[in-house]
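Engineer: Take this structure, written in structure tokens, and hold onto it; I'll ask about it next.
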Amino acid sequence: MISTKFAICSQKAILEKGTNNLSLINIINRLEVVSLPSVMAEFAFALITKRDKDSDPDDVELDLTIQQEDNILLKHKGKITYQGKDLNTLVVTIHGLLIQSPSPIVVTCKKDDSVLSKIEIEVVIVSPKVEQQENSA
């Protein structure tokens with residue numbers, strides 16, 4: 001049975017092909033926006049899965065859904081190819097994710113009807129930050 005070893009959302013995720021190192025930039029567990037609707041320039045989901053070589057196939061399809069309440073922001077089918085190994089890393093990057101309400105963002109990854117991971121991200125509206133600089137001669 002396919003199982004999750006690690007799942008996370010970040011602003012950017014980089015998977016190095018040669019070393020299989022995963023670099024995460026700006027991990028997201030709470031999203032602060034000044035106004036709504038708002039657009040996240042980049043949003044990444046990283047998932048490390050483990051399979052049982054004896055019972056699980058080498059190729060597996062996963063369904064990734066990002067939603068706020070009943071509003072589906074993104075649906076994506078991802079394919080994992082284990083290439084004879086036990087572990088695999090899937091990285092999905094979205095450019096331009098539209099946040100429409102202050103309700104939590106729920107990121108769910110499933111294989112068939114089985115939930116592999118579910119991440120809930122709080123959305124908070126904050127006041128704009130104002131900076132003032134002064135130079136007197």
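Engineer: Given the structure, is T89 outside any loop (DSSP other than H, G, I, E, B) and touching a Lys or Arg at 6+ places or on another chain (Cβ under 7 Å)?
Structural biologist: So T89 fails the test.
Engineer: I would also like to ask the following. Examine the stretch 47-58 for a residue that is over 17 Å from T4 (Cβ atoms) and part of a strand (DSSP E or B), and state whether such a residue exists.
Structural biologist: Checked the stretch 47-58: no residue is over 17 Å from T4 (Cβ atoms) and part of a strand (DSSP E or B).
Engineer: Further, regarding this structure: Say whether the condition of being part of a loop (DSSP other than H, G, I, E, B), surrounded by fewer than 12 Cβ atoms within 10 Å (Cβ to Cβ) and aliphatic (A, V, I, L, M) is met by at least one residue in the stretch 35-45.
Structural biologist: Quick first cut of the stretch 35-45, residues part of a loop (DSSP other than H, G, I, E, B) only: 35-37.
Keeping just the survivors that are surrounded by fewer than 12 Cβ atoms within 10 Å (Cβ to Cβ) gives 35, 37.
Now narrow it down to the ones that are aliphatic (A, V, I, L, M): none.
No, the stretch 35-45 contains no residue that is part of a loop (DSSP other than H, G, I, E, B), surrounded by fewer than 12 Cβ atoms within 10 Å (Cβ to Cβ) and aliphatic (A, V, I, L, M).
Engineer: Related question: Can you tell me which residue within the stretch 3-34, out of those that are among the β-branched types (V, I, T) and assigned to a strand (DSSP E or B), is farthest from I125 (Cα to Cα)?
Structural biologist: Residues of the stretch 3-34 that are among the β-branched types (V, I, T), as a first pass: 4, 8, 14, 19, 25, 27-28, 33-34.
Cutting the leftovers down to assigned to a strand (DSSP E or B) gives us 4, 8, 14, 25, 27, 33.
Details: T4: 32, I8: 22, I14: 29, I25: 22, I27: 18, V33: 5 Å.
Filtering the stretch 3-34 for residues that are among the β-branched types (V, I, T) and assigned to a strand (DSSP E or B), the one farthest from I125 (Cα to Cα) comes out as T4.
Engineer: Here's a follow-up. Sort through K129, K118 and tell me the only one that's of a type outside the set (S, T, N, Q) and assigned to a strand (DSSP E or B).
Structural biologist: Values: K129 fails: assigned to a strand (DSSP E or B).
After ruling out the rest, the residue left standing is K118.
Engineer: Return a yes/no flag: does the stretch 78-85 have any residue that is at pLDDT 95 or above and surrounded by 14 or more Cβ atoms within 10 Å (Cβ to Cβ). Lay out the reasoning, then the answer.
Structural biologist: Pass one, the stretch 78-85, residues at pLDDT 95 or above: none.
No: the stretch 78-85 contains no residue that is at pLDDT 95 or above and surrounded by 14 or more Cβ atoms within 10 Å (Cβ to Cβ).
Engineer: OK, next. Could you look through the stretch 46-77, keep only residues that are more than 16 Å from the chain's Cα centre (by Cα) and under 20 Å from P104 (Cα atoms), and pick out the one that is surrounded by the fewest Cβ atoms within 10 Å (Cβ to Cβ)? Steps first, answer last, please.
Structural biologist: To start, the set of residues in the stretch 46-77 that are more than 16 Å from the chain's Cα centre (by Cα) comprises 50-61, 69-71.
Filter once more, keeping what is under 20 Å from P104 (Cα atoms): 69-71.
Numbers: E69: 11, D70: 6, N71: 11.
Among those that are more than 16 Å from the chain's Cα centre (by Cα) and under 20 Å from P104 (Cα atoms), it is D70.
Engineer: If P102 satisfies every condition in (1) touching a residue at least 24 places away in the same chain (Cβ under 8 Å); (2) assigned to a strand (DSSP E or B) but one, which is the exception?
Structural biologist: Of everything listed in (1) touching a residue at least 24 places away in the same chain (Cβ under 8 Å); (2) assigned to a strand (DSSP E or B), P102 misses just condition (2).
The values are calculated or read from the model by the stated rules, or taken from the named source; none is laboratory data. Note that the structure is predicted; figures quoted are calculated from it, not measured. All Cβ positions, glycine included, derive from the backbone under ideal geometry; neighbour counts span all protein chains shown.
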